[in-house]
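Throughout, read-outs are computed from the coordinates displayed, never taken from laboratory work. Just so it is clear, the model here is predicted, and its values are computed rather than measured. Reconstructed Cβ throughout: ideal geometry from the backbone, glycine too, with neighbour counts over all protein chains shown.
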Amino acid sequence: MTDEDDRYYHVDGEIVPASEATVSVDDRGFRYGDAAFETMRAYGGTVFAWERHLERLEATCDALSLAHGVTDADLRERIDATLAANDLADAYVRLSVTRGVQPGKLTPQPEVDPTVVVYAKPLPRGGLEGDSVWDEPATVRTVETRRTPDEALPAGAKTHNYLNGILARAELRNEDGTATADEALMCDLEGHVAEGATSNLFFVRDGTLHTPTTDGDVLAGITREIVLESAAENGVPTQEGRYDLEDVLAADEAFLTNRTWELRPIASLDDREIGGGPVTERLSRLYDERVERACYSSR
């Protein structure tokens with residue numbers, strides 16, 4: 001199913017056609033971005049790393065003091081029902097939980113009737129026999145927009161307020177609206193590289209895999225976590241730290257990670273060619289093997 005008009009959403013407990021999928025203008029997710037979300041991938045009908053996504057969703061809700069009251073099993077049932085309604089096995093899945101409709105005041109009320117929305121769209125098969133969603137390695141540019149500091153908004157919280165990333169991506173646009181790069185790389189307030197607008201950053205120097213530490217203003221991506229685990233399990237030296245832009249520009253290899261892209265090599269950063277390489281290729285293969293085992297081997 002590829003036509004968005006023919007898709008079905010799961011909205012507040014009901015499967016509805018996309019044309020009828022609405023939320024109230026008084027919903028706090030719309031008014032204030034007062035909501036949590038997770039972006040997931042289903043492979044062969046299985047939501048990959050579901051427990052990790054659930055844990056991060058709960059952490060975001062805790063950060064927002066959003067006690068939504070929906071059980072883990074209920075959330076999973078809504079996701080499975082959405083995939084079934086759209087006849088999708090390999091898909092992008094987004095789960096959103098807002099604080100719902102409350103009186104028009106900034107202060108949240110303790111009683112919550114949450115709005116829960118599940119959206120899914122088709123993606124290629126993943127794993128060892130799969131295809132990447134991207135056609136080419138990514139072109140990346142640094143931007144002036146700084147990553148929101150953890151002291152202002154918890155860096156690990158995935159909320160509906162995505163203005164930080166939007167402003168970063170907006171810097172990549174020419175006057176005619178065309179993009180100058182695929183991804184924007186943001187630095188923290190001290191000038192250390194942090195992450196992309198929707199991705200985590202990795203680079204390789206002298207065989208060691210480096211990535212900005214989540215002790216800084218970095219979202220702990222689940223794909224990032226799995227890559228680090230695979231590296232440790234397979235003898236790839238890793239280091240998390242605070243890095244300057246020059247460290248990345250001098251890298252032998254570099255790549256980005258997120259749920260949809262998986263591992264995407266960086267073709268160039270600020271017009272400096274970098275590219276992938278043997279470490280990137282090995283880790284990408286290990287990721288595909290993990291997806292294959294977890295989601296396709298029992299089919």
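What to note about this one:
- Between Thr107 and Arg205, full extension at 0.36 nm per residue minus the direct alpha carbon distance yields a gain of 30.5 nm.
- Euclidean distance of C-alpha centroids, region 213-264 and region 56-110, integer Å: 28
- For Asp150, Asp113, the sequence from fewest to most other C-beta atoms within 10 Å is Asp113, Asp150.
- The modelled label-to-label distance between Thr180 and Arg293, using points 7 Å beyond Cα along the C-beta direction, is 4.4 nm.
- Sequence-distant contacts, meaning Cα pairs under 8 Å at least 6 residues apart, place the relative contact order of region 138-296 at 23 percent.
- Potential lengthening of the chain between Glu136 and Ile166 amounts to 8.6 nm, from the contour at 0.36 nm per residue minus the alpha-carbon distance.
- Each Lys and Arg contributes +1 and each Asp and Glu -1, all at the Cβ; summed about the Cα centre of the chain, the dipole is approximately 360 debye.
- Relative packing of peptides 5-16, 280-291, 172-183, 257-268 - highest average C-beta neighbours within 10 Å first: 257-268, 280-291, 5-16, 172-183
- Protection-proxy order for peptides 240-250, 93-103, each taking the mean of Cβ atoms within 10 Å per residue, highest first: 93-103, 240-250
- The angle between the Cα long axis of helix 278-291 and the main principal axis of the chain comes to about 30°, on a 0 to 90 degree scale.
- The calculated Kirkwood hydrodynamic radius for region 4-123 is 14.6 Å, given to one decimal from all distinct C-alpha pairs.
- Size descriptors for region 210-282, from the alpha-carbon set: Rg then Dmax equal 12.1, 34 Å.
- Our helix-only sum for the chain, with -39,500 (n - 2.57) per DSSP H run of n ≥ 4 divided by its residues, gives a mean residue ellipticity at 222 nm of -7000 deg cm²/dmol.
- Relative to the current alpha-carbon distance between Asp62 and Ala250, full extension at 0.36 nm per residue lengthens the span by 63.8 nm.
- 15 Å beta-carbon shell around Asp206, net charge (K/R +1, D/E -1): -2
- In region 152-271, the C-alpha radius of gyration followed by the widest Cα-Cα span (Dmax) gives 14.3, 47 angstrom.
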